[in-house]
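Undergrad: Can you keep this structure in mind? I'll have questions shortly.
The values are calculated or read from the model by the stated rules, or taken from the named source; none is laboratory data. Not measured: the values here are computed from a predicted model. As a convention, Cβ positions derive from the backbone with ideal geometry for all residues, glycine included, and neighbour counts pool all protein chains shown. Keep in mind that these areas ignore ligands, DNA and RNA; they rest on the heavy atoms of the full protein, side chains included. Shrake-Rupley method; radii C 1.70, N 1.55, O 1.52, S 1.80 Å.
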Amino acid sequence: SGLDSLAAVEFRNTLSRQLGGVELSATLFLDYPTAESIAEYVKTLLIGDTGVVRIAKRNADLSGEGIAIVGMACRFPGGSNNPNDFWKMMIEGRDAITEIPDNRWDVDEFYDPNLDAEDKMYVRHGGFIDDVEMFDAAFFGISPVEASNMDPQQRLLLEVGFEALHAAGYTKESLLGSLTGVFVGSGASDWSKIAEKKVNAYSGTGISQSIAANRISYVLGLKGPSMSIDTACSSSLVALDSACQNLKLGRCRNALVAGINLMLTPHNFIACCKARMLSVDARCKTFDESANGYVRGEGCGAVALKRLSDAKTDGDNILA
């Protein structure tokens, strides 16, 4: 087969997971030394009576498995830099909508109350988080020059994602090599417009949407599925659904799910204004007769997930 013993065992384990947990012999590559013979063997497993019953029964058992949230972290507007602060803000009913910060762009340059003004936006407000430019690159073993070329969304995902895993009781050492999946819901990237004139060894990965998830897996040495998902407004929910399915199928034992959005340029504000999507008075009045659009916001939220049975067995702090 061309594989050494360690690689052969790893391949067998991966194949077993992809088949829904079917047990495969440790001598698989001795019994079936070619790709064709392995494929024929797997085909027999899948279409044979025993194989069908075995896989169907396992999937049926897993389909009813609950999913536990064992860690959470966030950065949301209004100074909500952790779940407790966010909950407190919600209970107190504080307003987190502010005028666009000066360190993002010159609001006056792009603002015009005339709804039909070309290349202008008729709003001056949104939900913004603080210190979006800050990042502890050294903690993640990333050089300053690479960090400066990374989409701030990637940097924030690293920090908030690790915080969620840390809240679940994991350390860098315990995560290394673990079957942990990463599922990120991420839409538009304003950074690509800022970095389009900066071409170097890090610019490609710095603006790539796929790298948003892959970088977390790489930096922490995670071996589970790793994917960034863009389905517009439902991105985070689809990422969550994908994580749950992968957990139930045994493709990962732990899962990190995160959603990210940062507003770094006026481009999408202008586009939304041209479509009359944004509220003139910066207030969402959902289902009300006075509703006149929505208010754009940013932030990052992350949850660490496990199968409920595993969480109970491991004695995790189950949040929900």
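Table: residues versus (1) open to solvent by 100 Å² or more (accessible area, probe 1.4 Å); (2) out of contact with any Lys or Arg (no Cβ under 6 Å at 6 or more places or on another chain); (3) touching a residue at least 60 places away in the same chain (Cβ under 8 Å).
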| residue | (1), (2), (3) |
| --- | --- |
| PRO83 | no, yes, no |
| PHE86 | no, yes, no |
| ASP116 | yes, yes, no |
| TYR122 | no, yes, yes |
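Undergrad: Next up: Looking at region 228-256 only, could you name the residues that are open to solvent by less than 10 Å² (accessible area, probe 1.4 Å) and among the aliphatic types (A, V, I, L, M)? Before you say what the answer is, go through the steps one by one.
TA: Step one: filter region 228-256 for residues open to solvent by less than 10 Å² (accessible area, probe 1.4 Å), giving 235, 239, 243, 247, 252, 255-256.
ALA239, ALA243, LEU247, ALA255, LEU256 - these are the residues of region 228-256 that are open to solvent by less than 10 Å² (accessible area, probe 1.4 Å) and among the aliphatic types (A, V, I, L, M).
Undergrad: Just need a number here: residues in region 156-182 that are aromatic (Phe, Trp, Tyr) and in a loop (DSSP other than H, G, I, E, B).
TA: Kept after step one, since they are aromatic (Phe, Trp, Tyr), are these residues of region 156-182: 162, 170.
Those still in the list that are in a loop (DSSP other than H, G, I, E, B) too: 170.
So the answer is 1.
Undergrad: Here is a further query. Inside region 170-182, can you point out the residues that are in contact (Cβ under 8 Å) with a residue 24 or more places away in the chain and open to solvent by 60 Å² or more (accessible area, probe 1.4 Å)? Outline the logic, then answer.
TA: Taking region 170-182 and keeping what is in contact (Cβ under 8 Å) with a residue 24 or more places away in the chain, we get 170, 172, 175-182.
LYS172, LEU176, listed by residue number.
Undergrad: Out of the residues in region 183-227 that are in a loop (DSSP other than H, G, I, E, B) and of a type in the set (A, V, I, L, M, F, W, C), which is least open to solvent (accessible area, probe 1.4 Å)? Walk me through how you get there before you give the answer.
TA: Just the residues of region 183-227 that are in a loop (DSSP other than H, G, I, E, B), to begin with: 187-190, 196-202, 208-210, 221-225.
Add one more test, that the residue is of a type in the set (A, V, I, L, M, F, W, C), and what stays is 188, 199, 201, 222.
Numbers: ALA188: 54, VAL199: 126, ALA201: 93, LEU222: 14 Å².
Ranking the candidates gives LEU222 first.
Undergrad: Under 6 Å between Cβ atoms, at least 6 apart or on separate chains: pull out the pairs that start in region 239-258 with a residue that is at positive phi and end on any residue that is of a type outside the set (Asp, Glu).
TA: GLY250/ARG17; GLY250/GLY21
Undergrad: Taking ALA147 and the conditions (1) surrounded by 14 or more Cβ atoms within 10 Å (Cβ to Cβ); (2) farther than 30 Å from ALA168 by Cβ, which numbered condition does it fall short on, given that it satisfies the others?
TA: (2)
Undergrad: Right, here's the next one. So ILE91 ticks every box in (1) modelled with pLDDT of 85 or more; (2) outside any strand (DSSP E or B); (3) surrounded by 11 or more Cβ atoms within 10 Å (Cβ to Cβ) but one. Which box is left unticked?
TA: Looking at each condition in turn, ILE91 falls short on (3).
Undergrad: Being aromatic (Phe, Trp, Tyr) and touching a residue at least 40 places away in the same chain (Cβ under 8 Å) narrows it down to one residue among PHE287, PHE269; which is it?
TA: Values: PHE287 fails: touching a residue at least 40 places away in the same chain (Cβ under 8 Å).
So the residue among PHE287, PHE269 that is aromatic (Phe, Trp, Tyr) and touching a residue at least 40 places away in the same chain (Cβ under 8 Å) is PHE269.
Undergrad: Kindly indicate whether GLY51 is touching a Leu at 6+ places or on another chain (Cβ under 8 Å), open to solvent by less than 60 Å² (accessible area, probe 1.4 Å), modelled with pLDDT of 95 or more and not aliphatic (A, V, I, L, M). Working first, answer last.
TA: Details: touching a Leu at 6+ places or on another chain (Cβ under 8 Å): yes; open to solvent by less than 60 Å² (accessible area, probe 1.4 Å): yes; modelled with pLDDT of 95 or more: no; not aliphatic (A, V, I, L, M): yes.
Here the answer is no, as GLY51 does not meet what is asked.
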